[in-house]
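To start, the structure under review is shown below, and the notes come after it.
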Amino acid sequence: MRPPFALYLLAALSGFSLSASAATDYPVRPVPFTDVRLTGGFWGVRQEVNREVTLPYAMDQCEASDRLKNFDLAAETLRRRAAGDVHFQNKPATIFPFDDTDAYKVIEAASYVLSMHPDPALSRRVDGWIARIAAAQEPDGYLYTFRTMHPDSPAQPWVGQRRWENEPKLSHELYDAGHLYEAGVAHYLATGKRTLLDVCLKNANLLWRTFGDGRLRVAPGHEIVEMGLVKLYRVTGDERWLKLAKIFLDARGPGGPAYSQQQALVVDQTEAVGHAVRANYLYSGMADVAALTGDQRYQHAIDLIWRNVVSKKLYLTGGVGALRDGEAYGADYQLPNDAYNETCAAVALMMWNHRMFLRSGDARYMDVVERTAYNGFISGVSLSGNRFFYPNPLVYDGHSKNNYGCAGRAPWFGCACCPPNLMRLLASLGGYFYAVKGDDLYVNLYSPDTASVKLPAGAVTLTQDTQYPWKGRVRLTVDPAKPAEFALRLRVPGWARGEPVPSDLYTFENPGATQRWTILVNGSPVDAPLDHGYAVLSRIWKAGDVVELDLPMPVRRVLGNAHIEATRGRVAFERGPVVYCVEDTAHGPTPPDALVVNDRAPVTSRFDPSLLGGVTVLELSVKQAAAPVMAIPYYTWDNRGLSPMAVWLDRADR
Ligand SMILES: [Zn+2]
């Protein structure tokens, strides 16, 4: 583990001319994940499975499915042609020109793991991959295996006759570059090695020579290069990379396809449209460029787009991208229960909302992050860590092959974007827990951890002890190095304030019954004012101070907005941040989505330590069965074999 300033020191020692920090940036700074160690509990356990099972499994899958071989084939063409065999070409070993990014995303995830857990064997394996990637880079910096291995004509219809020609459509040349940069920066910060970062900078220099200062105007067909360039800028201080990110934003629209957010200039866009992963990466890039340039037109646009998403296009599970056709956002209130909700779209939604929080210090964005994290994000990987969902629907018939051709959780995918995307976020999730603005210390997520935070008032160690999300009690030990005055801002989640989402898209039945949260400091009740969703505790803190936050967690009945056709006459259940579903067939032949819930019957909850890794389950009274029907957390569905499933159940009182 390495404190963040040392990363910058390391960068400086490695020969970069670093601006110590950007003149303009997000006013709220995240505490980096390297300073937050998750210690068991809900997220600690998921992170360990990610490290021990999912990561080596994904590396094996990338190798077995020839993702790495494509780099070797490109390198061979370069070598043979340089030696005079001018007609030599190789055919790609895989289907898609974006398959290169699977390797990049896995390296990024592995780098985050290495930041927290030194592992020489893993480090050597990653170094081997990087050597193969570097060998596939053309002398001028171009890195895109599908063209390099087969340069005389397109080896695949998306590739285009010439470089960048098909970029606004489907070639994914800049998409590959964006994930390369994310991986290169992560690997450099984790290990101090410049091997992959140098590959990135050679590629970025080519982009600058090609697109910088308005030389060639091309809208990236699948966004992420903007976020990747911002990371290169942050680690090198070279302003060209920030300028290039802005150039790529400004190259979009007007009059292009909405599928890839090219229907209007980005500053004129007001609604979330098109391919949901592309869209959420674009909005994340816009947030970064707004923060780093001070150009608020981007921020104004994404404020409107965010309002559109949370009011009209967000699932109760925190998933987005309703439509299978185009993996896209639907129209307003078009939220069918057989939702597409790609796992990557949930990842990107969390990244975007985290950035919106860093700009504003407002808890409602972290409410969205939390809802997605516990439901439509972590549903994407099995409890075992080696089975995956690409789409995350809210209803399932028990047999459809809706998971990229597979019925139920799949061992891997031909288009394998989702598993490594989930891995890289899960491995760095600690970075979403805490943030700092002056002497305000934000506590955003609740799970056992130890964090080291540097405030102007001094260094502070925070230790969380909690069984969240099964229990609403969080015990936070505050250990400043010396007594210090600062404000602890504890997020009081929307669900604990009677508001499942920051809009009227979903409401709790009987919201007035919301029992108020309480806070004790060193055992005594305190009356903390609520500011932008945070309970604020300002005082002089001394070592060993204990804060106890208690968020009552009754089972809540949730209703959908009347404009959502799919939830009309239906009810869903949640407890704390966890959304429930029924996949129990013990009640007889009625599929879960046809079960009629007795509206007046009480719903009981109980913790079952032996079920699904230890979860709280609900018992619902339904018309079709004398015995109660069990509801399980949505994210755990299809961990006990294939079965029908539903989140929204029928109501007796329609
Ligand atoms: Zn995906």
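Residues of region 392-416 that are outside any loop (DSSP other than H, G, I, E, B) and not β-branched (Val, Ile, Thr): TYR396, ASN403, CYS406, ALA410. Scan region 437-445 and tell me whether some residue there is closer than 20 Å to VAL45 by Cβ, within 21 Å of the chain's Cα centre (by Cα) and either away from the ligand (no atom under 16 Å from the Cβ) or at pLDDT 95 or above (or both). For region 437-445, residues closer than 20 Å to VAL45 by Cβ, within 21 Å of the chain's Cα centre (by Cα) and either away from the ligand (no atom under 16 Å from the Cβ) or at pLDDT 95 or above (or both): present. In the condition set (1) within 20 Å of the chain's Cα centre (by Cα); (2) small (Gly, Ala, Ser); (3) surrounded by 20 or more Cβ atoms within 10 Å (Cβ to Cβ), GLY431 is compliant with all but (3). For beta carbons closer than 7 Å, sequence separation of 6+ or different chains, a first residue in region 227-242 that is part of a helix (DSSP H, G or I) and a second that is modelled with pLDDT under 95 and open to solvent by 20 Å² or more (accessible area, probe 1.4 Å), the qualifying pairs are THR236/PHE16. Of all residues in region 36-59, none satisfies being farther than 30 Å from SER447 by Cα, modelled with pLDDT of 90 or more, among the hydrophobic types (A, V, I, L, M, F, W, C) and buried (at least 16 other Cβ atoms within 10 Å of the Cβ).
Scanning region 586-632 for residues that are hydrophobic (A, V, I, L, M, F, W, C), under 19 Å from GLY569 (Cα atoms) and without any contact (Cβ under 8 Å) to a residue 40 or more places away in the chain yields ALA601, VAL622. Every condition in (1) without any contact (Cβ under 8 Å) to a residue 60 or more places away in the chain; (2) within 16 Å of the ligand (Cβ to nearest atom); (3) open to solvent by 20 Å² or more (accessible area, probe 1.4 Å) holds for ASP250 except the one numbered (2). Apart from one condition, LEU649 fits all of (1) farther than 22 Å from ASP397 by Cα; (2) in contact with a Pro (Cβ under 9 Å, 6 or more places away or on another chain); the exception is (1). Among the residues of region 180-194, some residue qualifies, meaning at least one is assigned to a helix (DSSP H, G or I) and open to solvent by 20 Å² or more (accessible area, probe 1.4 Å).
Among the residues of region 452-469, is there at least one that is closer than 30 Å to ASP593 by Cβ, of a type outside the set (Lys, Arg), touching a strand residue (DSSP E or B) at 6+ places or on another chain (Cβ under 8 Å) and not in a strand (DSSP E or B)? Yes, region 452-469 has at least one match. Residue under question is LYS202, and the condition is that it be open to solvent by 10 Å² or more (accessible area, probe 1.4 Å), more than 18 Å from PRO168 (Cα to Cα) and touching an Asp or Glu at 6+ places or on another chain (Cβ under 7 Å); does it hold? Answer is no for this residue. Taken over region 78-120, residues that are in contact with a His (Cβ under 9 Å, 6 or more places away or on another chain) and more than 26 Å from LEU197 (Cβ to Cβ) amount to 5. Among the residues of region 257-273, which ones are within 20 Å of the chain's Cα centre (by Cα) and open to solvent by 10 Å² or more (accessible area, probe 1.4 Å)? Residue satisfying the conditions is VAL273 alone.
Starting from residues that are touching a helix residue (DSSP H, G or I) at 6+ places or on another chain (Cβ under 8 Å) and of a type in the set (S, T, N, Q), keep the ones in region 235-279 and report whichever is farthest from GLY214 (Cα to Cα). For region 235-279, the residue satisfying everything is THR270.
Determine whether region 454-461 contains at least one residue that is open to solvent by less than 10 Å² (accessible area, probe 1.4 Å) and either away from the ligand (no atom under 16 Å from the Cβ) or of a type in the set (Val, Ile, Thr) (or both). Within region 454-461, one or more residues are open to solvent by less than 10 Å² (accessible area, probe 1.4 Å) and either away from the ligand (no atom under 16 Å from the Cβ) or of a type in the set (Val, Ile, Thr) (or both). LEU429 passes every criterion in (1) touching a helix residue (DSSP H, G or I) at 6+ places or on another chain (Cβ under 8 Å); (2) farther than 30 Å from GLN61 by Cβ; (3) not polar (S, T, N, Q) apart from (2).
Residue count for region 383-424 under the criterion of being in contact (Cβ under 8 Å) with a residue 40 or more places away in the chain, within 14 Å of the ligand (Cβ to nearest atom) and open to solvent by 20 Å² or more (accessible area, probe 1.4 Å): the result is 2. Determine which single condition PRO97 fails, assuming it passes every other condition in (1) crowded, with 24+ Cβ neighbours inside 10 Å; (2) part of a helix (DSSP H, G or I). Unmet condition: (2). Taken residue by residue, region 100-117 has at least one member that is under 24 Å from the mean Cα position of the chain (by Cα) and open to solvent by 30 Å² or more (accessible area, probe 1.4 Å).
The values are calculated or read from the model by the stated rules, or taken from the named source; none is laboratory data. What you see is a predicted model; the values in this text were computed from it and never measured. Positions of Cβ are backbone-derived with ideal geometry, glycine not excepted, and every protein chain shown enters the neighbour counts. The accessibility values were calculated without ligands, DNA or RNA, using every heavy atom of the protein model including side chains. Shrake-Rupley method; radii C 1.70, N 1.55, O 1.52, S 1.80 Å.
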